[in-house]
1. Within the stretch 7-53, can you find the residues that are closer than 20 Å to ILE134 by Cα and part of a helix (DSSP H, G or I)?
2. With respect to LEU110, is the statement that it is in contact with a Cys (Cβ under 9 Å, 6 or more places away or on another chain), in a strand (DSSP E or B) and surrounded by fewer than 19 Cβ atoms within 10 Å (Cβ to Cβ) true?
3. What do you reckon, is LYS77 within 16 Å of PHE116 (Cα to Cα), assigned to a strand (DSSP E or B) and of a type in the set (D, E, K, R)?
4. Could you figure out which of (1) in contact (Cβ under 8 Å) with a residue 40 or more places away in the chain; (2) closer than 30 Å to THR6 by Cβ; (3) surrounded by 20 or more Cβ atoms within 10 Å (Cβ to Cβ) isn't true of ASP91?
5. Can you pull out the residues in the stretch 124-138 that are assigned to a helix (DSSP H, G or I) and either surrounded by 18 or more Cβ atoms within 10 Å (Cβ to Cβ) or within 11 Å of the chain's Cα centre (by Cα) (or both)?
6. Within the stretch 54-74, can you find the residues that are outside any helix (DSSP H, G or I) and either closer than 30 Å to SER98 by Cα or in contact (Cβ under 8 Å) with a residue 12 or more places away in the chain (or both)?
Amino acid sequence: MNDNTTLATIGRLINTNSGGKPSELGCEANALEAQIELANSLNHKPIRVLKNWKRFRIDTDERKEQILRQLQPSICKSGIYIVYSDMVVSDSTGRVPSGGWVRSTFLESLSAGCIFETQNTNYILLGDGRDEVISLTELYALYQMF
């Protein structure tokens, strides 16, 4: 990918209002406190609450998937996913400011339909989001930004 193509790809992917399809994940705002309590009971990882999110499933061949799984054996068995949001509601660590953006590492497990757990963080997906399938090249473009 050249620089212009990479920028266009990133711009398309981080547009949380388009691309992919509406997701069936996400919890309602009135259930947020209960979801935070549940996340805390699952483990003691930091919690980030996200609105305007996209869940990306990485589409790759079997050989490359095996390599990714060797590098991080705890990746979810049902697929390789990350999440992106352009609206962080809260971050228990204070690293990401309210209104900031975040891109996760690979999904390890999904609880209660909206707690997206990675190696180091629980992301609570709040409200409506989108699901999109992307290639390894597109994933790499997302990781190039900032």
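1. Scanning the stretch 7-53 gives LEU7, ALA8, THR9, ILE10, GLY11, ARG12, LEU13.
2. So LEU110 passes the test.
3. Numbers: within 16 Å of PHE116 (Cα to Cα): yes; assigned to a strand (DSSP E or B): no; of a type in the set (D, E, K, R): yes.
No, not satisfied.
4. Condition not satisfied by ASP91: (3).
5. First, the residues of the stretch 124-138 that are assigned to a helix (DSSP H, G or I): 136-138.
Passing the criteria: only GLU138.
6. Residues of the stretch 54-74 that are outside any helix (DSSP H, G or I), as a first pass: 54-61, 72-74.
Those that are outside any helix (DSSP H, G or I) and either closer than 30 Å to SER98 by Cα or in contact (Cβ under 8 Å) with a residue 12 or more places away in the chain (or both): LYS54, ARG55, PHE56, ARG57, ILE58, ASP59, THR60, GLN72, SER74.
Just so you know, all these numbers are worked out from the coordinates, no wet-lab data involved. Note that the coordinates shown come from a computational prediction; the quantities given were computed from them, not determined experimentally. Here the Cβ is made from the backbone with ideal geometry for all residues, glycine too, and neighbour counts use every protein chain on show.
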